[in-house]
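Q: Dumping the structure here so I can ask a few things about it.
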Amino acid sequence: CRSRNRSPADVRGEMALSDLFGRLRKDEDDADAGADSPAQPTKALARFLAGLSTRQQPVLLDLGPVVGSNVTFFGEEVGCKILVEDLSKDIDRHVNQTKVEELPAFFDKRFPQESETIDGILCWDIFDYLERAAAERLARQLTRMLRPDGVLLAFFGTADPRSAIRPTYTRHVVIDRAHLQYRPYKASRAKQRPLLNRDIQRLLEPLRIAESFLLKTNLREVLFRKPAAASVAPSAAPPAEG
């Protein structure tokens, strides 16, 4: 990714980027499960990249685990600086310590990034694992960090999570602009009840839903955009069937 002027936030970002590569070996060793999974279509990723491409040297925040090929992909596609904050580890820690009820307050202080310093956020399916209070507090922090006209990509499951045999997270591996590979790995917390469309829209207000796609894989891909003016009311785009 290209370099930027070195503000305090940049220094923290560079430290995070250094830590990111330091964690690659361990995380990639854990990524073998599902490495032969078939590629699945994605309709929202290309739109997300288009939103980032309008920025000069954008800053991307990834809420999933470190995936080395993803770091390379986004660096080559949009010339970004990428920060990774793996929230699955935070959730597991709270579950294992029987402190899930503390997640909302934890998210209030989780992110060191200053307000309106991030151009794009990859949430993947992290909201599926959170109860309402924690999801709302996380959403509040994400909207705070996102720059005006910035984009946020989130996936929401639509199937009953009780059908799963055991709890798993998903490592989302970018194959190309139109395909992702889903690699499951062990989780301490199961997915929670799926959110309804109106709840998804309200969750990230004042962000607006720019695109929404319901895929055949029981996954809803939603692309949000932060209004350039805070006074602009949120709106929703009808979902397109995949």
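Q: Checking the structure you have, find out if any residue of the stretch 77-99 is surrounded by 14 or more Cβ atoms within 10 Å (Cβ to Cβ), at pLDDT below 95 and part of a helix (DSSP H, G or I).
A: Yes, the conditions are met somewhere in the stretch 77-99.
Q: If you don't mind, another one. Quick check: is even one residue across the stretch 11-19 open to solvent by less than 30 Å² (accessible area, probe 1.4 Å) and modelled with pLDDT under 95?
A: yes
Q: Return the total of residues in the stretch 216-235 being open to solvent by 30 Å² or more (accessible area, probe 1.4 Å) and at pLDDT 95 or above.
A: Final tally of qualifying residues: 1.
Q: What single numbered condition from (1) open to solvent by 80 Å² or more (accessible area, probe 1.4 Å); (2) in contact with a Phe, Trp or Tyr (Cβ under 8 Å, 6 or more places away or on another chain); (3) touching a residue at least 40 places away in the same chain (Cβ under 8 Å) fails to hold for ARG177?
A: (2)
Q: Take ALA39 and decide whether it is exposed (fewer than 15 other Cβ atoms within 10 Å of the Cβ), at pLDDT below 90 and touching a strand residue (DSSP E or B) at 6+ places or on another chain (Cβ under 7 Å).
A: no
Q: Of the residues that make up the stretch 197-215, is at least one out of contact with any Cys (no Cβ under 8 Å at 6 or more places or on another chain), part of a loop (DSSP other than H, G, I, E, B), closer than 23 Å to VAL66 by Cβ and open to solvent by less than 60 Å² (accessible area, probe 1.4 Å)?
A: The answer is no, given that none of the residues of the stretch 197-215 is out of contact with any Cys (no Cβ under 8 Å at 6 or more places or on another chain), part of a loop (DSSP other than H, G, I, E, B), closer than 23 Å to VAL66 by Cβ and open to solvent by less than 60 Å² (accessible area, probe 1.4 Å).
The values are calculated or read from the model by the stated rules, or taken from the named source; none is laboratory data. Quick caveat: nothing in here was measured; it's all calculated off a predicted structure. As a convention, Cβ positions derive from the backbone with ideal geometry for all residues, glycine included, and neighbour counts pool all protein chains shown. Only protein heavy atoms, including side chains, enter the accessible area calculation; ligands, DNA and RNA are left aside. Shrake-Rupley method; radii C 1.70, N 1.55, O 1.52, S 1.80 Å.
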